[in-house]
Amino acid sequence: MTPAPAALVRTIPLLRCPLCGDRLGPTEAGVECGGGHSFDRARGGHLTLLGARGRRFPGDSAEQVAARERVLGHGVFDGVADALAEVATGAVGAVARPVLLDAGAGTGFYLDRVVDALHRRVAPGGDAMEAVGEPLGIGTELSVAAARRLARVNPLVAALVVDTWDGLPLRDAGVDLVQVVFAPRNPAEFARVLRPGGTLVVAVPGPGHLEPLRSRVGMLAPAADKAERLDTHLAAGFDPGPVRVVDVTTTVPAAIAADLALMGPSGVHLGRAGVERAIGSGDGPVRVHVEVRTFRRSLQE
Ligand SMILES: [Zn+2]
């Protein structure tokens with residue numbers, strides 16, 4: 001049996017059993033709680049910690065994950081990754097060994113960038129913080145296809161297969177920063193796992209995101225009042241902080257535009273042939289408009 005990845009070993013003391021809430025300890029094959037619930041590590045290195053209801057949704061398919069990898073590899077969302085890295089460094093850069101949770105981390109593209117930025121940060125006075133400040137990234141993801149890649153994205157990242165809506169298999173107040181990038185939100189759980197004063201970072205699409213592609217191929221439009229609803233939902237337990245806006249229009253080849261349409265929730269009902277017909281050939285513009293909203297975990301309940 002291959003040994004557990006170092007990042008997973010560091011994560012285990014922060015975990016709790018998804019079935020009974022007891023703390024989890026390491027075993028040779030994975031983890032186990034005092035009540036005898038055991039969870040084996042997959043060969044790829046990720047650990048599946050689903051709750052009593054088990055798996056209710058498959059998560060992104062291997063095809064959607066591959067499309068997303070091509071889009072991210074093309075750099076379409078680099079501006080979002082840079083913004084997240086800056087926000088995280090500002091929020092927890094002074095914490096010695098910060099613990100970051102990316103809920104719905106996908107293949108780990110954003111978590112990798114954020115963890116790397118924190119790893120390279122420099123202490124006040126100019127000393128590199130690599131030795132004393134090694135961050136830990138915990139990525140949770142429902143899709144097994146994505147979790148396999150997440151487990152390999154960065155040696156400082158641990159991969160857990162989790163359904164955010166069913167709760168997080170993490171102990172109370174063990175996390176310094178939670179980030180959620182275009183993924184399901186569970187504010188009560190985010191508040192529970194964050195330490196008081198910790199930071200929640202939520203990236204949501206802004207008006208006109210992915211236009212004109214979105215209209216042309218008939219992708220689902222994000223709800224217009226999404227940002228307002230987000231603030232309302234997060235009101236209990238969080239104080240709203242600054243908002244960063246990323247708004248760039250780039251030119252992408254037709255194949256990347258098709259991947260953009262197919263990688264998200266619309267990909268399920270759009271067929272590749274229809275998408276490619278709607279896009280045509282040649283390069284075209286696409287707007288990336290994303291709001292990166294920050295919230296501070298209240299110091300009192
Ligand atoms: Zn248990």
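The values are calculated or read from the model by the stated rules, or taken from the named source; none is laboratory data. Treat the numbers as computed from the prediction; the structure is a model and nothing was measured. When we count neighbours, we look across all protein chains shown, and the Cβ atoms used for this are built from the backbone with ideal geometry, even at glycine.
Among the numbered criteria (1) in contact (Cβ under 8 Å) with a residue 40 or more places away in the chain; (2) in a loop (DSSP other than H, G, I, E, B), which single criterion is violated by Asp172?
(1)
Looking at the range 71-81, can you tell me whether even one residue there is closer than 25 Å to Glu211 by Cα and either in contact with a Gly (Cβ under 9 Å, 6 or more places away or on another chain) or of a type in the set (D, E, K, R) (or both)? Outline the logic, then answer.
Initially, the range 71-81 is screened for residues closer than 25 Å to Glu211 by Cα, giving 71-81.
Going one step further and asking which of them are either in contact with a Gly (Cβ under 9 Å, 6 or more places away or on another chain) or of a type in the set (D, E, K, R) (or both), we end up with 72, 78.
Yes: the range 71-81 contains one or more residues that are closer than 25 Å to Glu211 by Cα and either in contact with a Gly (Cβ under 9 Å, 6 or more places away or on another chain) or of a type in the set (D, E, K, R) (or both).
Give me a count of the residues in the range 166-188 that are within 26 Å of Glu86 (Cβ to Cβ), of a type outside the set (Gly, Ala, Ser) and modelled with pLDDT of 95 or more. Reasoning before the result, please.
Step one: filter the range 166-188 for residues within 26 Å of Glu86 (Cβ to Cβ), giving 168, 170, 173-187.
Add one more test, that the residue is of a type outside the set (Gly, Ala, Ser), and what stays is 168, 170, 175-182, 184-187.
Adding the requirement that they be modelled with pLDDT of 95 or more leaves 168, 170, 175-181.
Summing the residues that are within 26 Å of Glu86 (Cβ to Cβ), of a type outside the set (Gly, Ala, Ser) and modelled with pLDDT of 95 or more in the range 166-188 gives 9.
May I ask you to list the residues in the range 93-103 that are surrounded by fewer than 22 Cβ atoms within 10 Å (Cβ to Cβ) and in contact (Cβ under 8 Å) with a residue 40 or more places away in the chain?
Within the range 93-103, the first condition is being surrounded by fewer than 22 Cβ atoms within 10 Å (Cβ to Cβ), and the residues that meet it are 93-97.
Val95 - this is the single residue of the range 93-103 that is surrounded by fewer than 22 Cβ atoms within 10 Å (Cβ to Cβ) and in contact (Cβ under 8 Å) with a residue 40 or more places away in the chain.
How do the pairs read when you match residues in the range 260-272 that are outside any helix (DSSP H, G or I) with residues anywhere that are buried (at least 23 other Cβ atoms within 10 Å of the Cβ), using Cβ under 7 Å and keeping only pairs 6 or more apart or on different chains?
Here the result reads Leu270/Ala261; Leu270/Leu262, each pair linking the range 260-272 to a residue that is buried (at least 23 other Cβ atoms within 10 Å of the Cβ).
Yes or no: Arg53 within 16 Å of the ligand (Cβ to nearest atom), part of a loop (DSSP other than H, G, I, E, B), more than 14 Å from Leu150 (Cβ to Cβ) and in contact (Cβ under 8 Å) with a residue 12 or more places away in the chain?
Numbers: within 16 Å of the ligand (Cβ to nearest atom): yes; part of a loop (DSSP other than H, G, I, E, B): yes; more than 14 Å from Leu150 (Cβ to Cβ): yes; in contact (Cβ under 8 Å) with a residue 12 or more places away in the chain: yes.
Against the criterion (within 16 Å of the ligand (Cβ to nearest atom), part of a loop (DSSP other than H, G, I, E, B), more than 14 Å from Leu150 (Cβ to Cβ) and in contact (Cβ under 8 Å) with a residue 12 or more places away in the chain), Arg53 qualifies.
Can you name the residue in the range 2-18 that is part of a loop (DSSP other than H, G, I, E, B) and more than 18 Å from Leu168 (Cα to Cα) and, of all such residues, is modelled with the lowest pLDDT?
Filtering the range 2-18 down to residues part of a loop (DSSP other than H, G, I, E, B) leaves 2-5, 17-18.
Still in the running and more than 18 Å from Leu168 (Cα to Cα): 2-5.
Working: Thr2: 78, Pro3: 82, Ala4: 86, Pro5: 91.
It comes out as Thr2.
Sort out which residues of the range 1-50 are surrounded by 15 or more Cβ atoms within 10 Å (Cβ to Cβ), closer than 19 Å to Val99 by Cβ and more than 15 Å from the ligand (Cβ to nearest atom), and write them in order of number.
Ala4, Pro5, Ala7, Leu8, Arg10, Thr11, Leu14, Gly45, His46, listed by residue number.
Take Asp60 and decide whether it is assigned to a loop (DSSP other than H, G, I, E, B), more than 16 Å from the ligand (Cβ to nearest atom), touching a residue at least 12 places away in the same chain (Cβ under 8 Å) and buried (at least 19 other Cβ atoms within 10 Å of the Cβ).
Values: assigned to a loop (DSSP other than H, G, I, E, B): yes; more than 16 Å from the ligand (Cβ to nearest atom): yes; touching a residue at least 12 places away in the same chain (Cβ under 8 Å): yes; buried (at least 19 other Cβ atoms within 10 Å of the Cβ): yes.
The answer is yes for Asp60.
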